[in-house]
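Q: Below you will find the structure I want to go over with you.
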Amino acid sequence: MNFDDLKLRPGYPLQVQVETSTGMSERYPCRFVGAMPGRALLLSVPRVNGRFLRLRPGQKVVARMMVANGVGVFTCSVESQATDPYPLLHLDYPEEVGFKGIRQSTRVEIALPVVVLNQSSLEASEVDARVVDISLSGARLELDRILGDIGDKVSITAQVEVAGLYRDLRLEAVIRSRVERSTQELKQNTPVVYGLEFVEADEDRRLLLAAYVYAKIAQDQLPTP
């Protein structure tokens, strides 16, 4: 894919990964400012603890953004960093952009604390649990006690973070599977594992779910420079 094919508009959000002076790779949010086709890109300068990040000429940068139904990734080098009149990063023009499509079933491993309630049981109460992988269509849930039976409808509530913003997410789901524990696993207090299918009808909640899942997939797939 050519960079021109992305047709990015000024202000489009990106994530850049750079290698710090300590040799560690760090990821920072920034925005696309503009481009001179075939010659250069302009990006906003990421902030770190309220200060603008300093990059040196020739430093490699890996950038990624969500496009259509996937993740676009490209690598380029810093040409210069301007401070006046506005902080801007001047990068060389990427030769090509890699693209990885994201299917609805694409899962990403996480460790998200949640509160879950079995709505099919009149005697159930809210219990703490953990989502250990998630996709647009479902999730794998671990908890310390029996939650319910296959076919039961449950609700999951969690606080999720997308682009530095925290929001409360509540989703309706149905139990589709349960991993039975062996006697040894029972003695070791191994968590109960359930496979859930999301059946949420509210569009705003589904939109927040998509933003969270795409952000996690993008973070998980970013290559090291």
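Q: Are any of the residues in the stretch 68-84 of a type in the set (Ser, Thr, Tyr) and at pLDDT below 85?
A: So the first thing to find is which residues in the stretch 68-84 are of a type in the set (Ser, Thr, Tyr), and the list is 75, 77, 80, 83.
The next check asks that each one be at pLDDT below 85; those that pass are none.
No, the stretch 68-84 contains no residue that is of a type in the set (Ser, Thr, Tyr) and at pLDDT below 85.
Q: Which pairs turn up if I take residues in the stretch 198-218 that are under 15 Å from residue 164 (Cβ atoms) and look for partners that are among the basic types (Lys, Arg) and surrounded by 21 or more Cβ atoms within 10 Å (Cβ to Cβ) with beta carbon separation below 8 Å, at least 6 apart in sequence or on another chain?
A: Once the first residue is under 15 Å from residue 164 (Cβ atoms) and sits in the stretch 198-218, its partners that are among the basic types (Lys, Arg) and surrounded by 21 or more Cβ atoms within 10 Å (Cβ to Cβ) give 218/64.
Q: Determine if the stretch 33-56 includes at least one residue that is touching a Ser or Thr at 6+ places or on another chain (Cβ under 7 Å) and over 16 Å from residue 14 (Cα atoms).
A: No; the residues of the stretch 33-56 include none that is touching a Ser or Thr at 6+ places or on another chain (Cβ under 7 Å) and over 16 Å from residue 14 (Cα atoms).
Q: Name the pairs whose Cβ atoms lie under 9 Å apart, with the first residue in the stretch 1-25 and hydroxyl-bearing (Ser, Thr, Tyr) and at pLDDT 85 or above, the second part of a helix (DSSP H, G or I) and surrounded by 13 or more Cβ atoms within 10 Å (Cβ to Cβ), and 6 or more positions between them or separate chains?
A: Note: pairs meeting the criteria are 12/6.
Q: Now a separate question. Kindly indicate which of 171, 143 is surrounded by 18 or more Cβ atoms within 10 Å (Cβ to Cβ) and either within 25 Å of residue 190 (Cβ to Cβ) or under 22 Å from the mean Cα position of the chain (by Cα) (or both).
A: On the way: 143 fails: surrounded by 18 or more Cβ atoms within 10 Å (Cβ to Cβ).
Answer to the check: 171.
Conditions tested, residue by residue: (1) touching a helix residue (DSSP H, G or I) at 6+ places or on another chain (Cβ under 8 Å); (2) closer than 23 Å to residue 201 by Cα.
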position	(1), (2)
48	no, no
98	no, no
106	yes, yes
126	no, yes
130	no, yes
153	no, yes
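Q: Same structure again: Does the stretch 105-131 hold any residues that are at pLDDT below 90 and not acidic (Asp, Glu), and which are they?
A: 105, 106, 107, 108, 121, 122, 124, 125
Q: Would you please name the residue that is surrounded by the fewest Cβ atoms within 10 Å (Cβ to Cβ), looking only at residues in the stretch 1-32 that are closer than 17 Å to residue 73 by Cα and among the aliphatic types (A, V, I, L, M)?
A: Among them, the one singled out is 1.
Q: Right, something else. Would the stretch 10-23 turn up any residue that is in contact with a Gly (Cβ under 7 Å, 6 or more places away or on another chain) and either assigned to a strand (DSSP E or B) or within 15 Å of residue 94 (Cα to Cα) (or both)?
A: Looking for residues that are in contact with a Gly (Cβ under 7 Å, 6 or more places away or on another chain) and either assigned to a strand (DSSP E or B) or within 15 Å of residue 94 (Cα to Cα) (or both), one finds none in the stretch 10-23, hence no.
Q: Now, a different point. Given the structure, is residue 36 free of Cβ contacts under 8 Å to residues at least 60 places away in the same chain and within 21 Å of the chain's Cα centre (by Cα)?
A: Against the criterion (free of Cβ contacts under 8 Å to residues at least 60 places away in the same chain and within 21 Å of the chain's Cα centre (by Cα)), residue 36 does not qualify.
The values are calculated or read from the model by the stated rules, or taken from the named source; none is laboratory data. Please read these numbers as outputs of a predicted model, since none were measured by experiment. Note that we place each Cβ from the backbone using ideal geometry, even for glycine, and neighbour counts take in every protein chain shown.
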